[in-house]
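Everything on this sheet refers to the single structure shown next.
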C-alpha cells in the first residue's frame, strides 16, 4: 500500500474487522513502528493515536524504551540511543539537527521528544540558541519547530496540561532571565507569559495537578541553591511561592504524583516532595560503589537512576537501574530537563502515554555562576601529583559517600547563615550615625595591644578563603579544579571558604594587607591535618579576643569575635572528623603525614603579613598575642595534645610500619616537649628585663609593649 494513498478511511487491513486489525497492529514490536508508519497514512494515523496505546495495553504489549544521550567515542560530539527496558540491544537514533549543545531542555509531549534551546559552539562561535527540535519515535525522524521568543540556556522546562513551559535561564548576553514562555504544539507557537518574580537559572521544573513548579538553581549569589519554589497556575496566569524547596539538586524525577530529588549534600538519600501538603521526606539509597553490573526490579511503576555508581532503587515499585553509558566531563545540564551530557535519559511509559524523566547524576556544578554559561566539553588540565602516592588517591574516592553523610551536616543552610551587616550598624537605618558614634565610643576602651591581636586575627581570616584554591588542587578525590564540582568534598570546600570570607569581611574594617600566600603542600592528608590545627587555633584566638573585648566594655566586638570563634569551632569539628576517618582507613600513612606536618611547624597564614614598613611585623604581633594570652605557645602545645587524643594516635597498633611507629612516637612526644619549652620560656621571661615597645602602623604608629 503506497504512502501517498488518498483514501484516509480505507481499512487498516483489508478483509479483517477493524477491531481485529487494530489488535494485529498492536501486537507488532515497538522497534517496527517506523516501518509501519511508512505503510499508509491510515497506519501512521493509528500509530500516533491514543487509541493505539490503549489497545497495546489491552493486549499486554506495552514496552518501555529509554532514550539516552551519550558521548561519541573519540570525539567531543554526542548522539541519542534507544534501549529497551526488557533487554533489547541499544540502537542509535538519527543525528539530531544543529550543533552540539549544552544547557538545553528536554520535554516529552504526546509521546514525542522535544529538545529546547541550549548553549552551542557553532563554527567556533559560542552562542545561546532559540532552536527547538522534536523527535517522533513512530516515524524515527527529527523536525525543527518554531523558534522561541527568547534564546536561553540552563533553564527550567516541563509539560503542563499539554503545553510546554520554559522559565528562567541565561540569555544571549549572559544575563540571567526571569521571562517565561509557553509552547502550543497544535499551533506550533511560543508565547511569553507572566515572568518569574526574580531571575532564576540552573533550576528545574515539574508538573503537579495542572500547575508548574520551578525549583532549585539560583536566584541570587548564594552558596547553594535557593529554597524558594515558584508555582505557576495556568488558570490564573499567576505565580505563587513555596518556601521549603529542596536545595542543591543534581537530579530529579516525578513518580506517582511525587517528586524525587538527589542533592549534592546527601547523595545517599532521595528527598521526596509531596505537593499535596508541600512536605518533604527522606528515602535512603544504598550506594554500593562503582559497578559494571546491571540490576532490574519490577513492580507497577518505574524509577530509573543513572549514575557512575550501581544504585538499585526500589521505591514503591519497579526500579530499573542501568549502568551509565559513559562518564563525560564537561558542561551541560545536570538533569534531564537541562543539557544532557554526561549521560541522560528519558523513558516513555506507554500506559500513560507520557515520558518519565530519569534521575541522572551530573558532573557539572550548581547553576552557572556569573554572566557566561559554562562552556561545553571544557578541557581540564591533567592532574599533577606530588607527595601523595597514586594508590592513596583511591582512599578519598572511597570516602565520598562518608563525607556526604558526616561532613556536610556541619554546613549551615544559607538562610540561617549570618552576614557581616548583622553585627554592624545598618547604613540604611535613620540612626546609622548615632549607632556608629556609639560603636566608636565602645571601641575607644580597647587597648592598643588588643587591637594588634585583633588585626592579626583578621589577616588570618582574610587569608583562609584563598585556601579554597589550595584544597581544590589537592591530589585525589578531593580535587576540584573548576571550583564548581558536585562532590561532597567540593561542596564543603566552597561553603567553608565562603564562611571564612565572611569572617574576614566582618573584621576588615580595621586593616587591609597584601602579600598573603598559604604555600602549603597539596597532599590532602597533610592539608586536612593542617587545616584542623589551624581552625582550632583560630577558634582559640578569636575566643580569647572576644573575652578581652567584653572585659573592656565593647559588647559589639565581643559578639563579632565570639561569632567567628563559634564558626571556627564547627569547622574544626568537620576537619577533625575527616582526619579521624583517615586514621581509621589508612593509619600508617596518616600518622606519617601528621609527623611531616608537625616537623614543618604549623604557622598561621598571617605569618606573611607585611605593612610595607616593618619586616618583623608578624614576630611582633605574635609577641603581643603571647603576652596577652590571646594565642600562646601553651595553646600550640594544647592543640597538639588535643588532636593526638582526638585521633587516638597513642593507641594505634595494627597496620603501622616501622616508619609509622616512629612517626607515632614523635607526634605523641610533641605536646609534653612544647609544654616544657613553654615553661622554660616563661621562667626566662620573668628574669629578663621588660620587653621593648614597638610601633604598629595598624594603630597609626602608636607604641605597644612586646
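Please treat every number below as a calculation from the coordinates, not as lab data. As the structure is a prediction and not an experimental result, all values here were calculated from the model. Reconstructed Cβ throughout: ideal geometry from the backbone, glycine too, with neighbour counts over all protein chains shown.
Quick rundown of the values:
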read-out: Residue 27 paired with residue 281, simple spin-label distance in nm, labels 7 Å along Cα-to-beta-carbon; value: 4.4 nm
read-out: Segment residue 91-residue 691, extension gain: residue separation times 0.36 nm, minus the distance between their alpha carbons; value: 207.8 nm
read-out: Shape call, the stretch 532-582: gyration tensor on alpha carbons, a/c limit 1.5; value: prolate
read-out: Linear extension gain, residue 422 paired with residue 627, 0.36 nm per residue minus alpha-carbon span; value: 70.6 nm
read-out: Among 176-189, 104-117, 652-665, the order from most to least packed when residues are scored by Cβ within 10 Å on average; value: 104-117, 176-189, 652-665
read-out: Cα→Cβ-extended label distance, 7 Å offset, between residue 429 and residue 193, nm; value: 4.4 nm
read-out: Whole-number percent relative contact order across the stretch 1-61, with pairs defined as alpha carbons under 8 Å at least 6 apart; value: 43 percent
read-out: For the stretch 1-61, average projected area of the Cα convex hull in nm²; value: 3.9 nm²
read-out: Zone residues, the stretch 193-207, relative to residue 237, backbone N less than 17 Å from point 7 Å out along Cα-to-Cβ; value: 193-197
read-out: Per-peptide average of other Cβ atoms within 10 Å, ordering 192-205, 31-44 highest first; value: 192-205, 31-44
read-out: Inter-label distance for residue 141 and residue 256, nm, one decimal - labels placed 7 Å from Cα along Cα-to-Cβ; value: 4.1 nm
read-out: Rounded, prolate or oblate (a/c below 1.5 giving rounded, otherwise prolate when a/b exceeds b/c) for the stretch 77-214 by Cα gyration tensor; value: oblate
read-out: Cα gyration tensor category, rounded, prolate or oblate, for the stretch 160-256 with a/c compared to 1.5; value: oblate
read-out: Packing rank of 397-407, 13-23, where each peptide gets the mean count of other beta carbons within 10 Å, highest leading; value: 397-407, 13-23
read-out: Inter-part distance where the stretch 13-76 and the stretch 519-589 are each reduced to a Cα centre, Å; value: 64 Å
read-out: Extension gain from residue 566 to residue 244, taking 0.36 nm per residue of separation minus the Cα-Cα distance; value: 113.3 nm
